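Following: one structure in structure tokens, then a few remarks.
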Amino acid sequence: MSLRLPALLAGALALAACTGRTPLDAAAAQAPAPAKATSAKATPAFAPPPESAIPDGPYGDMVRQGREIFLHTRRNAPAYVGNGLDCADCHLDAGRLADSAPLWGAYGMYPQYRKKNGHVNSYGERLQGCFMYSMNGKAPPLDDKVIVALETYSYWMAQGAPLGAKLAGAGYPRVPDPARAPDYARGQAVFERDCALCHGADGLGQKAGGRYVFPPLWGPDSFNWGAGMHELDKAAAFIKANMPLGRGGLLSDQEAWDVAMFMDAHERPQDPRYNGDLAATRKAYHDTPMSLYGRRVNGRLLGAQPAVEPGGEP
Amino acid sequence: MHVLGTVLVLAWPWLVHAADAPALVREGNGRGAPACQSCHGADGGGQPAAGFPRLAGLAAGYLEKQLTDYAAGTREHPVMQPIARALGATERTAVATYYSRLPVPPPPSGPVPADDGVGATLATRGRWSQRVPACEQCHGPGGIGVGANFPPLAGQPAAYLEAQLQAWQQGRRRNDPLQLMQHLSRALSAQDVSAVAHWFAAQRPQGNTP
């Protein structure tokens, strides 16, 4: 009984979400982002200061510079970006939006020990990781203006937040385990219905005026096999909360897992830590069921023929 | 001989439409559809003062879908619905293709709204506290348009853009994929709508990307 009720409730909510597709429910249009079952005590709430509060002067200038790098990374930090993405593609509203891995939720959590590289990482080193993997580029030196500006922007946004506390809305909200194992074919159906409109039928994004407007989900201009987004739980969490753009929460949990599986079962640029042996690289860096790297899906050994020759932009 | 005949047969409808489209635009079809150019201009540039939109250079797929949706009633308009219904499917395709190939006329120059105004902010950053993405995130930088699903906003008459946002808000236009516009438009106030419409009206259009 006690287990059955939540399941039924979830079913009812899913139905409500489905009926919200068409015709438009005017009330739903006004609803804020879906509430999360989080304890207010364990996860303090936080709201970043408004951008109008960025001060004048050299400090404020650096905050603004960080914001512009974050919004238009390819344009403003071209030496360190190797694909068609900007930071703000995966961290919406210039890194301000709750449940979209906001910068204010990350800044106060560093320095932090990370299993990914086996040592304590400063916030700057964490940013370097974004450039190496998510941006498929090069790590800016820690004293480079790109890192200093992004750190300053993050610090400004996190002012007043408790240090070392996981805040409500930090990261991407975990999606409960799916009832059925994530499935490529079901994910493809979700992709075609709700994603292809913007990301293109081929998933390679769409450009206007020679520049990406909609980011590529795979292929040579997308994030590489070392990026967090290539792991199913992280991708499902981002997608569920934030996609389609402006309509986060539209997909069911199962649909989010399925379409994450579909996206992450496509080739993308090689993990820069690749040591010449796919299985050994998987063992060293991707030894989790959430990674399809080095796994065979639909007859394709993922990571064996990584996407190369980034098309880039003029 | 056979091959030539096949080519002619296959090409015939296209030739007819290629020939028909300028006539449709200039004179109408004589069956209830008046000349397109009487409102949208001989160059397809529209009439900003009257709020008639530019069609020149818009994606053919977008234009054809709008005509189909006018006819079906998912995009309501007292003038365009009867016109779309008076056009046959092949005529809709023909005029859509015709306009998509016209060069984009230079827009009238007017005052450019402030960079830090409400319109600019909605256009370039959105208002995520109400789940409104930046217009540019789908319609491209400066609203130049992206593919056949996200039409250009740049240089369109402010009155037209404003009317569309109001139509989305009020459900008179409901032909948007994933209901993206119906959802976000309802978060906007009348002042927001006016501001963002005027911002895009002042932006410079480009030829639509294929």
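All of the numbers you see were taken from the coordinates with simple rules; none came from a lab. Note that the structure is predicted; figures quoted are calculated from it, not measured. Ideal geometry is used to build each Cβ from the backbone, glycine not excepted, and the neighbour counts take in all protein chains shown.
The table that follows gives values for the structure above.
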quantity	calculated
For chain A, convex hull of alpha carbons as volume per residue, Å³	161 Å³
Normalised contact order of segment A:56-155, rounded percent, pairs of Cα under 8 Å and 6 or more residues apart	34 percent
Sequence-separation-based contact order of segment A:127-232, relative, with Cα cut under 8 Å and 6+ spacing, percent	29 percent
Span-like helix ranges in chain A, DSSP H, alpha carbon extent 24 angstrom or more, Kyte mean at least -1.0	none
FRET efficiency for A:Ala196 and B:Ala89, using Cβ-Cβ distance with R0 set to 25 Å, rounded to 0.05	0.55
Estimated inter-spin distance, A:Arg64 and A:Lys166, nm [label 7 Å along Cα→Cβ]	3.7 nm
Label-zone membership for segment A:275-292, site A:Tyr184, 7 angstrom Cα→C-beta point, backbone N under 14 Å	A:292
Three principal axis lengths of segment B:118-201 [C-alpha, angstrom, descending]	27, 26, 25
Of the DSSP H helices in chain B, those whose Cα atoms cover at least 27 Å axially and whose Kyte score averages -1.0 or more	B:2-27
Residue-averaged [θ]222 nm for chain A, counting only DSSP H segments that reach four residues, each worth -39500 (n - 2.57)	-9500 deg cm²/dmol
Cβ-derived FRET efficiency at R0 60 Å, A:Met290 paired with B:Ala23, nearest 0.05	0.50
Quotient of C-alpha Rg and 2.2 N^0.38 Å, computed over the protein assembly as shown	1.05
A:Lys283/A:Asp177 FRET efficiency (R0 22 Å; Cβ-Cβ; nearest 0.05)	0.35
Along principal axes, Cα extents of segment A:173-301, largest first, whole Å	41, 40, 27
CD proxy at 222 nm, helix term only [per DSSP H run n ≥ 4: -39500 (n - 2.57); per residue of chain B; nearest 500]	-14500 deg cm²/dmol
Separation of the A:His72 and B:Glu76 label points, Cα + 7 Å toward Cβ, nm	4.1 nm
Whole-number Å³ per residue for the convex hull built on Cα positions in segment A:106-207	179 Å³
